[in-house]
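Just below is one structure, and these are the notes that go with it.
The values are calculated or read from the model by the stated rules, or taken from the named source; none is laboratory data. Not measured: the values here are computed from a predicted model. Areas reflect the complete protein model, heavy atoms only, side chains present, ligands, DNA and RNA absent. Shrake-Rupley method; radii C 1.70, N 1.55, O 1.52, S 1.80 Å.
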Amino acid sequence: MRLFKNRGDIYIPKTGKSNSKEAKILFVFLFFIVIFTVVFVVLLNGRYKNAAEFFGEGEVSITENSEFNEVNLPSVTGKTNFLILETDDENEIIHYIFLLQADKDNFAYKAAALSPDMKLDKTSIKEVYKTGGGAALQTKLTEYLGIEIDYYAEFENSSAVDFLGKLGTIIYPANSDIRFSGGSGTDKYTIHINEGEQKLSATEMTNLLRYFSNEKHNYSAECELVLRIMTGLFNQKNFESSESLFRLFIKSCKSDITVRDYENGKNSIYVFCMKNTDITVYTVQTKYDENKVLTQKALKEIKGYYSK
């Protein structure tokens, strides 16, 4: 026997006899529905003034999808390699130096932290810097690593702090308390960071990068912080001020990035800012032998990540 022919359909038997078994079952079923409805309405009227109060006043809402529509993002392709370094304000000591790639094909950042003591043939990064600055390092590292470094940016510490300060703060999950004072003369610095998630200021960001590079030689931790800075500060809010921020960037550092480069790359900046923390990040491991020469494995890894 069937009660329902299809879902939502009430089956009426063809015999038409009110005393049939099918009719009795149907009437009993409808009777219980009516009783349940009456009881529910009585309870509702007795306890709640209206249906909105029943479901929770102020809690009924329509959730809107505030995320941007990726379909509307401009199409961007290619890979761009950058060399970024910070020095003291007298341009004598490299605080930290790293390679960064913006991979537009895969929407990814790739970071490789380098030691300022790293040997490039018979000389070191810091020695090359002293003779020719960031531009000379860009040329030398391009030759030594066998990759194309498209642009460089060389910051003094105070300028880096000012520029990052305009971009904002980031959340950094410290694995442990960090207490350290180092440097000398006018180039002293102090770090005081507690374990757990911490909001880092521009000064804390640059000091922590310097600490990982020069004191701990922990290049993986340095890379992780670089990537958090990139994904944290390249966001929608900062894109809206990107023109003024780029003007500040030009004033804050020595670089071969031009206004035309900025205009040509504006779509890429927009995409990376809109995707923000959805960008994939890669840490490239850099290891050295006892003479501060990059190991063959590390050299091969850098070429693999930064080749176009």
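Before moving on, here are some points about what is shown:
- Cα-Cα pairs of the range 70-153 separated by more than 15 Å (percent): 59 percent
- Computed from the Kirkwood radius of its Cα pairs, the Stokes-Einstein diffusion coefficient for the range 162-205 at 4 °C and 1.567 mPa s stands at 113 µm²/s.
- Three semi-axes describe the equivalent ellipsoid of the range 137-177; taken as square roots of 5 times the Cα gyration tensor eigenvalues and ordered largest first, they are 29, 17, 10 Å.
- Rg(Cα)/(2.2 N^0.38 Å) for the range 247-291, N = residue count: 1.71
- Distance between the C-alpha centres of the range 110-126 and the range 246-296: 17 Å, rounded to the whole angstrom.
- Rounded to the nearest 10 Å², the accessible area of Met230 at probe 1.4 Å: 30 Å²
- For the range 79-95, putting each phi into the Karplus relation 6.51 cos²θ - 1.76 cosθ + 1.60 with θ = phi - 60° gives couplings of 10, 10, 9, 10, 10, 10, 9, 10, 10, 5, 6, 9, 6, 10, 10, 7, 6 Hz, in residue order, rounded to whole numbers and with x for Gly and Pro.
- Percent accessible area from carbon and sulfur atoms, the range 152-308, protein chains only, probe 1.4 Å: 46 percent
- When the C-alpha to C-alpha distance is required to be over 26 Å, the pairs from Lys266/Lys287; Lys119/Lys308; Lys199/Lys275; Lys122/Lys308 that qualify are Lys266/Lys287; Lys122/Lys308.
- Gyration tensor (alpha-carbon) shape descriptor, the range 178-308, a/c threshold 1.5: oblate
- For the set His192, His217, the ranking by accessible area, highest first and with no ligand, DNA or RNA atoms included, is His192, His217 under a 1.4 Å probe.
- As a length-normalised measure over Cα pairs under 8 Å and 6 or more apart, the relative contact order of the range 79-230 settles at 24 percent.
- From the C-alpha gyration tensor of the range 99-240, square roots of 5λ in Å: 25, 21, 15
- For the residues Phe98, Phe107, a 1.4 Å probe over the protein chains yields an accessible-area ranking, largest first, of Phe107, Phe98.
- The range 218-228 - phi-based ³J(HN,Hα) in whole Hz, Karplus 6.51/-1.76/1.60, Gly and Pro as x: 9, 6, 5, 5, 4, 4, 4, 5, 4, 5, 5
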